[in-house]
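What follows is a short report on a single structure.
None of the figures in this text is laboratory data; all of them are computed from the coordinates on show. These numbers come from a predicted model, not from an experiment. Positions of Cβ are generated from backbone atoms using ideal geometry, with glycine treated the same way; all protein chains shown enter the neighbour counts.
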Amino acid sequence: MTSRDDLGQMPGHLIRRLNQRSTAVFAERMKSAPVELTSVQYAALDVLAREPGIDQARLASLIAYDRATIGDVVKRLERKGLVARQVSEQDRRARTLRLTGEGEAALAQVAPMVAALQAEILGKLTEAEQAQFLDLVRKAVEA
C-alpha cells in the first residue's frame, strides 16, 4: 500500500489535487458572477471570442475537451443565450458557433474575475515561481 508521503511525490496525485483546488476556487468565485459558468464553459466563450465562426470540433480541440461531450457544453451555453449555433455554409453537417451579444457581455464581466482568481490558485507561490510553474506545466502538456 502506498503511504501518504509517497503520494506527495507522485505528479499525477499532485496534479489531481491542484485540479481540485482550481475547480473549487473557480466555482466559488463564479457564485458572485453575473452569469454562472463552469471553467469549461468559460474556456469555450473565451475561444469563441477569439475565433468566431469555428465549428464544435475545432472548439473541442482548442480547449482540449472531448469531442463527444462538447455538444452538451455548447447546448448549455446556447440555452443561457450566450452562444448561437448555425449550420456551416461550407459543410452542412457542421455547426458554426458565435457569441451572442449577451455572451460577449457575460465574457467581458467574468473575464476580470477569472483573471483575478488565477493568483489564488497558485497563491503560495511567488510571482517568479508562478511563471516558472506555468512554463513547466506548458512544457509537460506539450510533451
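In nm, to one decimal, how far is the modelled label at Ala105 from the one at Val87, with both set 7 Å along Cα→Cβ?
3.1
Within the set of other residues whose C-beta is less than 15 Å from the C-beta of Asp66, count the net charge using Lys and Arg as +1 and Asp and Glu as -1.
Values: positive: Arg58, Arg67, Lys75, Arg76; negative: Asp72.
Result for the neighbourhood of Asp66: +3.
Skipping prolines and chain starts, which residues have an amide H placed within reach, meaning under 5 Å, of the one on Thr100, given they are 5 or more residues away or on another chain?
It is Val83, Ala84, by chain and number.
List the equivalent ellipsoid semi-axes of region 1-105 in whole Å, largest first, each obtained as the square root of 5λ for an eigenvalue λ of the Cα gyration tensor. If you can, show how the numbers build up before the last one.
Details: eigenvalues 216, 63, 18 Å².
Ellipsoid semi-axes (Å, largest first): 33, 18, 9.
How large is ³J(HN,Hα), in whole Hz, for each residue of region 100-117 in order, when computed from phi with the Karplus curve 6.51 cos²θ - 1.76 cosθ + 1.60 and θ = phi - 60°, using x for Gly and Pro?
For region 100-117, the Karplus-derived couplings read 7, x, 5, x, 5, 5, 4, 4, 4, 6, 8, 3, x, 5, 5, 4, 5, 6 Hz, x marking Gly and Pro.
Show which aspartates and glutamates lie in cross-link reach of Lys31 when reach means a straight Cα distance below 18 angstrom and same-chain residues fewer than eight apart are skipped.
By straight Cα distance, Lys31 reaches Glu120.
Cut-off 14 Å, label point 7 angstrom out along Cα-to-Cβ of Lys80: give me the residues of region 40-57 whose amide nitrogen falls inside.
So the set is 40-49.
How high is the relative contact order of region 10-142, in percent, with contacts defined as C-alpha pairs under 8 Å that are six or more residues apart? Please list the in-between numbers first.
Working: 118 pairs, mean separation 33.2, N = 133.
25 percent.
Check which residues have an amide H placed less than 5 Å from Ile54's amide H, if you skip close sequence neighbours.
Amide H to amide H, under 5 Å and 5 or more residues apart or across chains, Ile54 pairs with Leu97.
Normalising by the residue count of region 70-143, find the relative contact order in percent from Cα pairs under 8 Å and 6+ residues apart. Mind showing how you got there, number by number?
Numbers: 38 pairs, mean separation 13.3, N = 74.
Relative contact order for region 70-143 comes out at 18 percent.
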